[in-house]
Amino acid sequence: MAAVYAATSAIGGTPAESVAANFVSGPFHITFTADRAENAAATAASGTFHAVAEAGSTSLATLAGPVTCLDIVGHDIGLFYAVGAATPASLYDAIHGVYIYVSDSSAGKPLDVSFVPSPDATATSCAPTLAVFPITSGTATIDPPAPAVARTTLEVSDNSMLGETIVVDSGGRTVYELSPETTRHLMCTKAKRCFSAWPPLEVSSAKAKLTAAAGIKGKLGILHRNGIFQVTLGGHPLYHFAGDRSKPGAAAGQGLHSFGGRWHVVMTESAATTPSTPTTPTTTTPVYPGY
């Protein structure tokens, strides 16, 4: 089961963006096609979507309908479809539309997908956001390839919620660390289902170029685990918080206790008058734990 994504340049009436997919995530087998005309709004997309939840050869549930919104940013895809058919029919009573977010790698493999049900049958936008459920089979290619963009891995931002200057990713999303977790003592793990609430800050490979803005203290590194490449700072794995819903400036995870420790927004050197955890640099970049 393969997934193919294509972002094309528009000439005349040809689509400015198009996407076709066929992949599996958990019990879901998902297929969709969509396109958007040149200079058209994301909500002017057209296409079809179909998803079926299966247990072996038995179909448990299906959802299908027309795609009405499509947005492609680099290797990330966002779309919305209005539910036109559902099995069992009771699904339609609560779900009239679904947002789908897919991330894939530059190597052509789809990585993750997220599903966000909506009580509404229309959407005002579908910009790609965090995808957290692993895609278990399929491939993904973008043609032409998304252009390489030089981006700072970590940046700084004045946060009005906290009244501090904090560390954010290249999209402006707040970055967290778990105290007292380190790369040598991992507490937030996929096996504990921690990644669903605290998705790791990832890069595409162990060779990714990492950069940090002025004012960020600690050595950047890459931790390879569970098939992902997680960014670390000063020997501490970095995360996002699902409760922030990928909104720049949101910091709802500050001070929460879970998975054996306390979560902190990563502060800049000037803001962190009393560091919450040691910032001893890692000795190896990238880091590969022995398990």
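Quick note: the coordinates plus some simple rules give every number you see, no bench work behind them. All values derive from a computational prediction rather than experimental measurement. Backbone-built Cβ (ideal geometry, glycine too); neighbour counts: all protein chains shown.
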If the viscosity is 1.567 mPa s and the temperature 4 °C, what Stokes-Einstein diffusion coefficient in µm²/s follows for the stretch 154-265 when Rh is the Kirkwood radius over Cα pairs?
92 µm²/s
Give me the lysines in straight-line cross-link reach of Lys109: C-alpha distance below 23 Å, same-chain residues under 8 apart excluded.
Lys190, Lys207, Lys209
By average Cβ neighbour count within 10 Å, what is the ranking of 247-255, 226-234 from highest down?
226-234, 247-255
Quick one: which residues, 5+ away or cross-chain, put their amide H under 5 Å from the amide H of Gly235? H built at 1.01 Å from N.
Lys219, Thr282
Scalar couplings 3J(HN,Hα) for the stretch 121-133 by Karplus 6.51 cos²θ - 1.76 cosθ + 1.60 (θ = phi - 60°), nearest whole Hz, x for Gly and Pro, are 9, 10, 9, 8, 6, 8, 4, x, 9, 4, 10, 10, 8
